[in-house]
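Structure first, then comments.
The values are calculated or read from the model by the stated rules, or taken from the named source; none is laboratory data. Keep in mind the model is a prediction, meaning the values are calculated, not measured. Here the Cβ positions follow ideal geometry from the backbone for every residue, glycine too, while neighbour counts run over all protein chains shown. With ligands, DNA and RNA removed, areas are computed over all heavy atoms of the protein, side chains included. Shrake-Rupley method; radii C 1.70, N 1.55, O 1.52, S 1.80 Å.
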Amino acid sequence: MSENDVPDVRSARRAQREAERAARAQRKADAARERALEAARAGGLFEGMEAMPRTSAAEVGAESDGGSGAATGDGSAPPAPPVSSREPLDPTRQRRLTTALAAVSVVLLVVTGLSTWQYVEARGEAATEEQIADAPRAATDAAREIATQMFTYDHRTVDQELAAVRERLTDPALTEFVEQSMPAVASAAKQQEASVYATVAAAAPREVVDADTVTVLVMLNRMVSTREDPEAASSASRLSLSMERVDGTWKLGELEAL
């Protein structure tokens, strides 16, 4: 299996777990609906529905003709409309049906709310798992960018370039960078007329604490030229970057040279 296939496999596994959770939630909802129907039957909600007489089409037509008051073709009076044999429900049964209907309505509302809550919970768990699985890659990508930006500058624009780095940092790295690194680096770059170009040779997660905290190991190469040494000289260093997710954005929390 190639490295490009790994994200696809992880995505497929996450999708499978989410589908299984949704299926479990649907089975629970179906079971709850069955219990609601059983409660309705036990409460007598469906009693007498099949025994109720239905008015046929002929009877409807007869009622319509009788309602018009017209005589038949032979002059005789139209037949009287049939008398419905439907009997009104007695008060006791009516109260039972009303109570059962109210109970079923409450149960259905609860079932709907439970199904929605279970679905949202399953989606939330899947999103959390996806964040945890994605944290090492996202933190490593951010560490590459920050290390490159922090160690790349020109003496003519060093103040602006270092100031832009502050947005990618969080404490304690932010305070240390602003109070110590920025003034020292900017002063040295201007005095020596230095230009530094940094590239990340390699980067990988060193420790995954949780979905919002990952330590990344970075191999950094730098090409440095100064007024006295215009020919660029290369140097390499190993750095440990403690990355933290702040408001959805990965930032550098602590930098250590190894």
> Quick one: which of Ala202, Ala198, Ala236, Ala189 is part of a strand (DSSP E or B), touching a strand residue (DSSP E or B) at 6+ places or on another chain (Cβ under 9 Å), small (Gly, Ala, Ser) and buried (at least 18 other Cβ atoms within 10 Å of the Cβ)?
Replying inline: Ala198
> Do the conditions hold for Leu252, that is, is it touching a residue at least 12 places away in the same chain (Cβ under 8 Å) and open to solvent by less than 40 Å² (accessible area, probe 1.4 Å)?
Replying inline: yes
>> Kindly evaluate Glu207 against the criterion of being more than 26 Å from the chain's Cα centre (by Cα) and either in contact (Cβ under 8 Å) with a residue 12 or more places away in the chain or open to solvent by 60 Å² or more (accessible area, probe 1.4 Å) (or both).
In response: no
> Within the stretch 123-136, can one find any residue that is at pLDDT 95 or above and either hydroxyl-bearing (Ser, Thr, Tyr) or closer than 30 Å to Lys28 by Cβ (or both)?
Replying inline: no
> Looking at the stretch 177-210, which of its residues are in contact with a Ser or Thr (Cβ under 7 Å, 6 or more places away or on another chain) and either under 15 Å from Val224 (Cβ atoms) or not charged (D, E, K, R) (or both)?
Replying inline: Gln192, Glu193, Ala194, Ser195, Val196, Tyr197, Ala198, Thr199, Val200, Ala203, Ala204, Pro205
> Restricting the search to the stretch 218-241, which residues are over 22 Å from Ala194 (Cβ atoms) and touching a residue at least 40 places away in the same chain (Cβ under 8 Å)?
Replying inline: Leu241
> Which condition does Glu179 not pass, out of (1) within 22 Å of Glu254 (Cα to Cα); (2) in contact (Cβ under 8 Å) with a residue 24 or more places away in the chain, if it passes all the others?
Replying inline: (2)
> Hey, Pro172 hits all of (1) free of Cβ contacts under 8 Å to residues at least 24 places away in the same chain; (2) surrounded by fewer than 14 Cβ atoms within 10 Å (Cβ to Cβ); (3) of a type outside the set (Asp, Glu); (4) under 18 Å from Trp250 (Cβ atoms) but one; which does it fall short on?
Replying inline: (1)
